Amino acid sequence: MTAPISVEITVNGTVRRAFVEPRTTLVDFLRDHLALTGTHVGCEHGICGACSVLLDGAPVRACCLFAAQVDGMSVTTVEGLAPARGELSKLQDAFLESHALQCGYCTPGMLIACTDLLARNPQPSEEEIRDAIGGNLCRCTGYQQIVDAVKLASGQEEAAHG
Amino acid sequence: MAEFRYIGKRRRAVEHRRFVRGQGRYAADIQLPGLLHVAIVASPHASARILSVNADAALALPGVHAIITGDEMNRELEPMLPGVDAPAVTRFPLARGVVRYAGEWVVAVVAETRAFAEDAAELVEVEYEQTQHVVDPEAALLPEAPLVHPAHGSNIIWNRKFTWGPVEEDFAAAEHTLSYRVRWARSSTVPIETFVATCAWNDATEILDVWASIQMPKFPDQLARALRLAGNAVRVHYDVDVGGSYGVKRGLKHTVLVGWLARRLGRPVRFLEDRLENMRGGDMQGPDRIFEVAMAFGRDGVVRSMKMRAVDDVGAYSGRAPLQLGKPVGAIVGPYIINSVVYDAVSVMTNKTPQEAVRGFGQSPTNYAIETGMDKVARFLGMDRVEMRRRNLIPADRFPYLIPSGTSYDSGDYATVLDKALAAAGHDELLRQRDALRAEGKLAGIGVSTCLEPSGGNSSFEPLFNPKNTTTTWMDSCLVRVDLNGAVTAVMGTSTSGQAHETLVSTVVGEVLRREPDTIRVIHADSLNALPSNSPVGSRMAIMLGGAAAGAAKRIRAKMLAIAAHQFQAPEGALEWEDGDAVMRGDPSRQIAWSRLVEIAHREFHNLPEGMEPGLQEKFVWEVPTGGMIPTADGRVQMYPCHSFECHIVLASVDAETGKVALHRYVVGHDCGVMISPDVVHGMTYGGVAHGLGAALMEKFAFSPEGQLVSGSFMDYLLPSAQEVPSITIVDHCTPSPLTEFGQKGSGEAGYLGGPAAIASAINDALAPAGASIDALPMTPAAIWRALREATPAAPAREAAE
Ligand code: FES
Ligand code: FES
């Protein structure tokens, strides 16, 4: 064990300061220190993508970063995707409409990956969508309705697959 | 077909509304003051004696609260029961004296944080003396094999050879016979969430509160029994969201351990598996099967009889694993008119991680074995595989259809579903595409499978595999309540792992009461409040929970109609239910509104019919349709009540240089009767196909000869991503079940039950021109590459005439 160190991280627009053990990962910091339990943990070795968050706008795996590494940076979690309380982002709404989830465990990571995709590429093709979520594992959906949701959110599909 | 208002309509799933906001509440999200955390010291050996445990250095670390061994804990526990009659195969959360697989839990370390617990676990010294082990299931059957449980006297934990019908006569009379061997590898459902159990004991109330990521029948009862507590001293909270299960989230040993620790230490305790703990010691690996099959058939391609021997490796301990050989008895002939069957089911123990229930409960491996035979027969006769299946499918006019093993199939129209799938796939065009790919020198193939999904989960395999077990029902229940303000709440008694039960129940109750489903609240009660339930296993909840919810809602409706009839001094039956109000038949001007009926029921005793209880709360416990049967002496039984059907058509190509497979077209024709929530059914089917793709091509819990798991992370146990899973087309068909409330059948295993068979079929079709074939899953690039290299270039490519 090493003495705790102080970090200052902007999370979903709010500056959060805390003392953490140096070995505290970003995902543990979010979940255990800030009680932001929307970000999930599936493997802790960088494969499943359940822990994905946006770090200064780019998707990262919060299990593979230490909280101390992102000191001074800005993090967006699933809790920060909606434009306002009681509202949903277009993508969140499309996930509901297209039934793009089942157990919901991979969903926060999927939303992060797809939010990033749409920010970079507002009209992605199916191949580009599959590429963008290729590092996020979902065991429930077979990905199809997730692809549908992203198409719907980007205005490319009238009706969802169902 | 009946007109439904809400059933079968698109609707946003209730539970998704919290999930997309990051507001799900999973077991790892439960925060309790003073929570302690567990890390496990696991056995590094497949088989060994434990000589000593030294925890002094670990205990000296700050923040460490306890270090517990099996010797200390297990004497205060009852062993967890095997699913069959094998009392000497005892199982506890922590090993005592010996370890029987690498990864078996030996010591539990409890500390202030998980990180402290891991630090301490590294300092625990365990001294072992290695003993003989056996890893291969067929080696475990040999007389000289070391015994995994010497007290049991054999590595076979269960074996029975069933004969149903005139097998020998049918074989003697057949023009041809053909035999083959297929291997279904050990894979599993591998949810993205690992097991989590959080427990808190209260000294004053003497209640153990449990929040666990489980999907397990009779979990509270078994937990209480193992902990030697009364059933009413254990409160399992079913309102935790479970991050996927598809069968495996049993977690009994996890919760027994954590519950015992919480009580012993007087502090809440959590165990949250890391991924390696989950893969190696989580006891969640699936069936691991070798099939030896013989089929007897005519020149016409009709299969008359089948002999199947299935050896299944359950690993080092047994829960319900042997029963996964039992469920396929209820669909042992698939969708075919096979007249007689021998089924020799052998459940064998080895020094590997124990097996747990996986989506389909043994049916997908069996379907793969049957379908492989259908393809082989077609290839042998030079017959088109689709045509060959057509000749064997049970015709639509023969339902209900009794199969040789005693199960009656409720309904179906298999040929029509096959036709629909072929049409959607553009079968002729697919053939052209395949041949065009072949003309380019590529290996390309078309796969087909026609498979059943037994649904409505009864537990008839329990008495079939254990005569001391007389279970003949697996009821499910629901309670519906209308409050003083007229709002409706339904209470269910299990947790949900992605099946959208809140959506199911509110849709069904809304349908019966003609109330907008979004106004109906569905509550997951805890085990002290809930009615009896058997959890979402065996593709049963649309049938069983849906049936129970409808039954309770119908009782509410009947009571409200009786109140209305009394108001009008009209005979019961004079009023009917319209839009949630009671209306006089033939005279719509005379009606009583929902709100008024609620008022009378709750507050106006003077307006109630004589003898009626005030209030509006009704429960319904639904018995499994066709349940209640003890197996006959020759092992015939009605297994599950309903039978969904799926047909998969796949176009695949194989890279001859690398063995890599690409799926170009994937179509599923699917009939699960009336769909209550089409999005839910389709979603599970897509997911089932993806899971089947994993089992067919990628996923394997591989063990070294020393019994070490060599695929314990997501870097070596490969789950299909969006790049491996193709776009999938589903074509629906509806043959209502005559046995269920709305004509629904089950669909929780859809896609997975026919997917592996179809993908294997496509690959073997692709390999056939090269003279190669594979009868083992997963068909990894390496396995395909080897098969291609082994096929001598001169081998005659007996191509099917398609
Ligand atoms: S938990 Fe971070 S990638 Fe799996
Ligand atoms: S929705 Fe369950 S893992 Fe993706």
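The values are calculated or read from the model by the stated rules, or taken from the named source; none is laboratory data. None of the values given here were measured: they were computed from a predicted structure. Every residue, glycine among them, receives a Cβ derived from its backbone with ideal geometry; neighbour counts consider all protein chains shown. For the accessible areas, the whole protein counts, side chains as well, though only heavy atoms, and no ligand, DNA or RNA atoms are used. Shrake-Rupley method; radii C 1.70, N 1.55, O 1.52, S 1.80 Å.
Some values worked out for this structure:
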| read-out | value |
| --- | --- |
| Within region A:119-129, considering residues that are more than 9 Å from chain B (Cβ to nearest Cβ) and touching a Ser or Thr at 6+ places or on another chain (Cβ under 9 Å), the one least open to solvent (accessible area, probe 1.4 Å) | A:Pro124 |
| Count of residues meeting criterion [of a type outside the set (A, V, I, L, M, F, W, C) and assigned to a helix (DSSP H, G or I)] in region A:136-156 | 4 |
| Of all residues making up region A:48-77, the number that are within 14 Å of ligand 1 (Cβ to nearest atom) and out of contact with any strand residue (DSSP E or B) (no Cβ under 8 Å at 6 or more places or on another chain) | 2 |
| Some residue of region B:257-274 being of a type outside the set (Asp, Glu), within 16 Å of ligand 1 (Cβ to nearest atom) and either in contact with a strand residue (DSSP E or B) (Cβ under 7 Å, 6 or more places away or on another chain) or open to solvent by less than 10 Å² (accessible area, probe 1.4 Å) (or both) | yes |
| Residue list for region A:86-107, restricted to those being outside any loop (DSSP other than H, G, I, E, B), touching a residue at least 24 places away in the same chain (Cβ under 8 Å) and within 21 Å of B:His682 (Cα to Cα) | A:Leu91, A:Asp93, A:Ala94, A:Phe95, A:Glu97, A:Thr107 |
| Only listed residue being within 14 Å of chain A (Cβ to nearest Cβ), in a loop (DSSP other than H, G, I, E, B) and not hydrophobic (A, V, I, L, M, F, W, C), chosen from B:Pro62, B:Pro87, B:Pro79, B:Pro44 | B:Pro62 |
| Failed item in (1) surrounded by 17 or more Cβ atoms within 10 Å (Cβ to Cβ); (2) away from ligand 1 (no atom under 16 Å from the Cβ); (3) within 22 Å of B:Asp29 (Cα to Cα), with A:Ala35 passing the rest | (1) |
| Residues satisfying the stated conditions in region A:108-124, i.e. touching a helix residue (DSSP H, G or I) at 6+ places or on another chain (Cβ under 9 Å), without any contact (Cβ under 8 Å) to a residue 60 or more places away in the chain and over 18 Å from B:His16 (Cα atoms) | A:Leu117, A:Leu118, A:Arg120, A:Asn121, A:Pro124 |
| Filtered residues of region B:451-501 (kept if of a type in the set (A, V, I, L, M, F, W, C) and either open to solvent by 20 Å² or more (accessible area, probe 1.4 Å) or in a loop (DSSP other than H, G, I, E, B) (or both)) | B:Trp474, B:Met475, B:Leu479, B:Leu484, B:Ala487, B:Val491, B:Ala500 |
| So B:Met383, is it outside any helix (DSSP H, G or I), out of contact with any Lys or Arg (no Cβ under 6 Å at 6 or more places or on another chain), of a type outside the set (Ser, Thr, Tyr) and closer than 22 Å to B:Asp170 by Cα | yes |
| Some residue of region B:676-690 being without any contact (Cβ under 8 Å) to a residue 60 or more places away in the chain and closer than 30 Å to B:Val725 by Cα | yes |
| Scope region A:40-73; condition open to solvent by 30 Å² or more (accessible area, probe 1.4 Å) and either touching a His at 6+ places or on another chain (Cβ under 8 Å) or not in a loop (DSSP other than H, G, I, E, B) (or both); matching residues | A:Ala58, A:Pro59, A:Val60, A:Arg61, A:Cys64, A:Phe66, A:Ala68, A:Gln69 |
| Pair list, Cβ under 9 Å, 6 or more apart: region B:248-277 residue polar (S, T, N, Q), other residue within 16 Å of ligand 1 (Cβ to nearest atom) and open to solvent by less than 20 Å² (accessible area, probe 1.4 Å) | B:Thr255/B:Phe195 |
| Filter pass, B:His37 being open to solvent by less than 10 Å² (accessible area, probe 1.4 Å) and within 14 Å of chain A (Cβ to nearest Cβ) | no |
| Residue in region B:714-729 that is nearest to the other protein chains (Cβ to nearest Cβ), counting only those that are open to solvent by 20 Å² or more (accessible area, probe 1.4 Å) and of a type in the set (Ser, Thr, Tyr) | B:Ser727 |
| Yes/no for A:Val147 being within 16 Å of ligand 2 (Cβ to nearest atom), open to solvent by 10 Å² or more (accessible area, probe 1.4 Å), at negative phi and within 12 Å of chain B (Cβ to nearest Cβ) | no |
| Those residues of region B:295-321 which are among the β-branched types (Val, Ile, Thr) and open to solvent by less than 10 Å² (accessible area, probe 1.4 Å), in sequence order | B:Val303, B:Val311, B:Val314 |
| Within region A:79-103, considering residues that are of a type in the set (S, T, N, Q) and within 15 Å of ligand 2 (Cβ to nearest atom), the one surrounded by the most Cβ atoms within 10 Å (Cβ to Cβ) | A:Gln102 |
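Yes/no per residue for (1) modelled with pLDDT of 95 or more; (2) farther than 15 Å from B:Gly22 by Cβ:
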residue	(1), (2)
A:Ala3	no, yes
A:Val11	yes, no
A:Val20	yes, yes
A:Leu30	yes, no
A:Thr37	yes, no
A:His40	yes, no
A:Glu44	yes, yes
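Residue by residue, here is whether (1) in contact with an Asp or Glu (Cβ under 9 Å, 6 or more places away or on another chain); (2) within 16 Å of ligand 1 (Cβ to nearest atom); (3) more than 9 Å from chain B (Cβ to nearest Cβ); (4) at positive phi holds:
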site	(1), (2), (3), (4)
A:His99	yes, no, no, yes
A:Cys103	yes, yes, no, no
A:Pro108	yes, yes, no, no
A:Ile112	no, yes, yes, no
A:Leu117	yes, no, yes, no
A:Asp131	no, no, no, no
A:Gly142	no, no, no, yes
